[in-house]
Amino acid sequence: MSSLLALLSKDLLLEWRERARSLSVLLFAVVTLLLFSFALGPDVETLREATPGVLVLALLLSSTLALNESFRLEREDRALEGLVMRPVSLTALFYAKASANALLLTFLGPVVVALAVVFYSLEIDVATMTRLVGLWCLGAAGLAAPGTLYAAMTSRLKSQDVALPLLLFPLVVPVLLASVKAMGLVLTGDAMNQLRSWLTLLLAFDIIYWSVCGLLFRFAVEEGE
Amino acid sequence: MNIRKLLVLAGLGLAAVGTYFGLFVAPPERHMGDVQRIMYVHVPSAWIAMLLYTLAFGFAIALLWSGRQKWDDLMVGAIEVGVVLNALLLVQGSLWGRATWGVWWDWDVRLTTSLVMAILFAGVLVLRRMAPNEERRSQWSAVATVVAFIDVPLVYFCVRWWRSLHQIQSSPDTVDPAMVLPLRLNSFGLLFLALAWMLWRAAIERSSRRASEVPLPTRVAIEESAHA
Amino acid sequence: MAVWLKGPNGSGKTTLLRMLATLSTPSCGTLEIFGLDVGRQREAIRHGVSLVSHSLYLYPGLTARETLVLWGRLGGVVLEPESVVAALDVVGLADVGDRRVGGFSAGMRKRLALARARIESPRLLLLDEPFSALDDSGCRLVQSWVREFVEQGGTVMLASHDPERATPICDWRVDLAAGQIVGLDRGAGR
Amino acid sequence: MPDGVIGGGWSYVIAAYSVTVAVLAIYVWSLSRRSRRAERSQRDES
């Protein structure tokens, strides 16, 4: 547990030291919002309807960037091998890395949601915005666990930029669907009281991914190769 | 070798009889007419593909548990044949959909799930090709297989909920006994064939692994230059 | 004692050191350190073994001091600020303790890695080409540093291409060729 | 379409069956090719 905290604080400290990189992830998410508004046309109604999907896609696209970056750091001087050499369990390593990635993606949430409100002229109050950000965070958590698992593998490859999204995107279809659905219900009103069940589903996915990927991580990273 | 030949012969025989019955003996379905005969290949493909994925999952667990490479051979066999059948499943489903619903594709639960499933397991095969060495390759494929397999029911449930707002899926009529026979024959035929191919693929993997095995001193040299 | 692993490229020096550092598992046979099996009791061994390899495992974004503190914490040790300064002082990095590793020269990085290797007082120190990337004074520093560690009762295994520097400090010499031990000799220097 | 029977489905049935047979045949062909190649390289090795 203490090594988990040490690793997590290391990751967050490095994230902070290299703010430029985290900022570029944020910028990328913002650009995605912008591009979608061009792709869908200037009609405000269309944009409003597409908002949940656009938000989740912005999250998804920026997540691969963040995940690849987070492991590039570990591979540069083979630092990951150094960590593995310490008496640290790989499971702790996984949860530290996954939490760091989840936190980074979480921080994007408020900014991206606020910008979406502006760009797409959403007429929503603060409470709705908070709920959107909350859903964003749940989605980010659902992406971070399998994302960290796969990024640990693909970061060893030359073709990592292709490999990670290729493997990760189909895998997180459930998270994507549940987040889009829940965000849509938050935005358009929840007439049939379905939000709760989608929320439960999203939470269940998060729990499943975090536990399964934590169990598998030690096979994904070389410990004694 | 022998068991594989036996499986192929039994499989081909059963499938031939099953197909004959399916195409020419079984009556056309009440609503769907003759189009429904696609079912005699479609449903077995689905069943056997699922079975192969389940086997692959079992092999993956066995591999992670024991670290023995022979499970990797079987796993890649199961996944590869599974992906082939899965692809067929999609094509057959698409044809059937075109005939009955008038569209090539519908975001129906099973269609969507099988598409995602095909991509997931094809991803495992892609990952294998990219892995840096043999041990990584087997462990990575096992990890990806386990995750993919666990993901399939999640996708299924999610798509079902997602769809449930639009329409209730029509359930097929109870199956006529005359339809059961070809279905059963074809299923067993395909099962035997699929198992034979899986074993064949495993044998190929095993012999190519042996061929790529290098004597110890050379390997030490390779590893050193890799770490330097 | 100090053991010098000698042998041409590809003779298995690095592989042996990596196996001792629990980073590689022998493909056949067993390997025991301190009476513990390398394959099964990795965690216990890792407390007592330190490896300085070609790659230095440094994060450019951390300072020298943070690097050492992190390394200690990962071994379950909370380092006192004084002991960190002392460890940096031994390798001559005390002045730059709060500078980021990203701005270090190759020699400084090597020194930092050496300081880090001893932060948890290991019993077995594995050095892969410890003299590379170092200037003359750096090499002398490593030599005296190795002897001091040995005199305190530690064991060093070092792989090196540099007989002039390795011979004087090592008690034993092991000749490796093509993955086999082909010679075992009292070191000439001592 | 609850009452009507879909007619003219045979072309779809034939398409589905032939695709199935063709794909499986191609797969078997690729297996045999790979198996021959693997055997050859193993022979070269020894």
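The values are calculated or read from the model by the stated rules, or taken from the named source; none is laboratory data. If you're wondering where the values come from, they're calculated on a predicted model, not measured in any experiment. So basically every Cβ, Gly included, is an ideal-geometry build from the backbone, and we count neighbours across all protein chains shown. The area values use the complete protein model at the heavy-atom level, side chains included, leaving out ligands, DNA and RNA. Shrake-Rupley method; radii C 1.70, N 1.55, O 1.52, S 1.80 Å.
Numbers below:
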quantity: Sparse-neighbour loop sites [trypsin sites (Lys or Arg not before Pro); region B:1-51; at most 13 other C-beta within 10 Å; DSSP]; calculated: B:30
quantity: Given charges at Cβ of Lys, Arg, Asp, Glu: region A:86-225 dipole, positive-most of A:168, A:121, A:87; calculated: A:87
quantity: DSSP loop chymotrypsin sites (Phe, Trp or Tyr not before Pro) with at most 16 other Cβ within 10 Å excluded, longest remaining stretch of chain B; calculated: B:108-228
quantity: Residue-averaged 222 nm ellipticity for chain C, from DSSP H runs of 4+ at -39500 (n - 2.57), nearest 500; calculated: -10500 deg cm²/dmol
quantity: Whole-Å distance, taken between Cα centres, linking region D:15-42 and region C:144-190; calculated: 57 Å
quantity: Student exercise, chain A dipole from Lys, Arg, Asp, Glu Cβ charges, in Debye to nearest 20; calculated: 320 debye
quantity: Interface D:B - total buried accessible surface [probe 1.4 Å, Å², rounded to 100]; calculated: 2800 Å²
quantity: Placed amide H near residue C:2: partners under 5 Å, 5+ positions off or other chain; calculated: C:156, C:171, C:172
quantity: Expected 222 nm ellipticity per residue - DSSP helices of 4 or more, -39500 (n - 2.57), all of chain B, to 500; calculated: -28000 deg cm²/dmol
quantity: Portion, in percent, of the accessible area of chain A that falls on carbon or sulfur, probe 1.4 Å; calculated: 69 percent
quantity: Fraction of the pair-distance distribution of region C:59-120 above 17 Å, Cα-Cα pairs, percent; calculated: 27 percent
quantity: Largest-first ellipsoid semi-axes for the protein assembly as shown, taking √(5λ) over the Cα gyration tensor eigenvalues, angstrom; calculated: 54, 36, 17
quantity: Chains B and C, summed buried accessible surface - 1.4 Å probe, Å², nearest 100; calculated: 800 Å²
quantity: Rounded Å value of the spacing that divides the Cα centres of region B:1-50 and region A:153-225; calculated: 37 Å
quantity: Accessible area expressed per residue, region A:13-56, with surrounding protein chains retained (probe 1.4 Å, Å²); calculated: 55 Å²
quantity: Region A:124-225: trypsin sites (Lys or Arg not before Pro) falling in loop per DSSP and having at most 10 other Cβ within 10 Å; calculated: A:158
quantity: For residues of B:141-152, the mean tally of beta carbons on other chains within 10 Å; calculated: 5
quantity: Given charges at beta-carbon only (K, R positive; D, E negative), |dipole| of chain C in Debye; calculated: 300 debye
quantity: Mean-position separation - Cα centroids, region A:76-96 and region C:88-133, in angstrom; calculated: 19 Å
quantity: Per residue Cα convex hull volume in Å³ - calculated over region C:1-93; calculated: 154 Å³
quantity: For peptides D:22-29, C:103-110, C:12-19, C:70-77, sequence by mean Cβ density within 10 Å, most packed first; calculated: C:12-19, C:70-77, C:103-110, D:22-29
quantity: Solvent exposure of region B:3-227 as accessible area per residue, Å², 1.4 Å probe; calculated: 44 Å²
quantity: Carbon + sulfur, % of accessible area of chain C - ligands and nucleic acids excluded, 1.4 Å; calculated: 51 percent
quantity: Complex-versus-alone comparison for region C:62-86, residues with a loss of 30 Å² or more in accessible area, probe 1.4 Å; calculated: C:62, C:66, C:70, C:71, C:73, C:74
quantity: Where labels lie 7 Å past Cα in the beta-carbon direction, separation of residue A:188 and residue A:215 in nm; calculated: 3.7 nm
quantity: At least 15 Å along the helix axis (C-alpha) and Kyte average at least 1.0, DSSP helices within chain A; calculated: A:19-40, A:90-119, A:126-154, A:160-171, A:173-188, A:195-220
quantity: C-alpha long axis of helix C:106-117 to longest principal axis of chain C, angle in °; calculated: 80 degrees
quantity: Accessible surface ranking that places the most exposed of A:21, D:40 first, with a 1.4 angstrom probe; calculated: D:40, A:21
quantity: Simple spin-label estimate for residue B:5 and residue C:82 in nanometres, 7 Å along Cα-Cβ; calculated: 8.3 nm
quantity: Chain B: DSSP helices with Cα axial extent of at least 20 Å and average Kyte-Doolittle hydropathy no lower than 1.0; calculated: B:2-20, B:39-66, B:109-130
quantity: Contact surface A-B: accessible area buried, both sides summed, square angstrom, 1.4 angstrom probe; calculated: 2900 Å²
quantity: Solvent-accessible heavy-atom area per residue, rounded to whole Å², over region C:59-120 at 1.4 Å; calculated: 41 Å²
quantity: Built amide H within the under 5 Å cut-off of residue B:33, gap 5+; calculated: D:6
quantity: Cα-projected label distance for residue C:185 with residue C:36, points at 7 Å along beta-carbon direction, nm; calculated: 3.4 nm
quantity: Positive-pole candidate from B:50, B:25, B:76, dipole of region B:3-227, charges at beta carbon; calculated: B:76
quantity: Within-15-Å neighbourhood charge of residue A:147 [Cβ basis; K, R +1; D, E -1]; calculated: -4
quantity: Region C:40-113, relative contact order in percent, only Cα pairs under 8 angstrom and at least six apart counted; calculated: 40 percent
quantity: Most positive-pole-ward Cα, C:134, B:183, C:52, against dipole of the protein assembly as shown from beta carbon charges; calculated: B:183
quantity: Mean Cα-pair separation over length for region B:3-227, i.e. relative contact order, pairs under 8 Å, 6 or more apart, %; calculated: 38 percent
quantity: Percent RCO, i.e. relative contact order, over region A:2-224, from Cα pairs under 8 Å lying at least 6 residues apart; calculated: 26 percent
quantity: Average other protein chain Cβ within 10 Å of Cβ, residues B:2-13; calculated: 0
quantity: Threshold 50 Å² - residues in region A:38-86 whose accessible area is reduced by that much or more when the chain is no longer isolated, probe 1.4 Å; calculated: A:77, A:78, A:81, A:85, A:86
quantity: Computed magnitude of the charge dipole of region C:59-120 (debye, nearest 20; Cβ of K, R +1, Cβ of D, E -1); calculated: 320 debye
quantity: Helix C:136-151 vs. chain C, principal-axis angle (Cα, 0 to 90°, nearest 10); calculated: 70 degrees
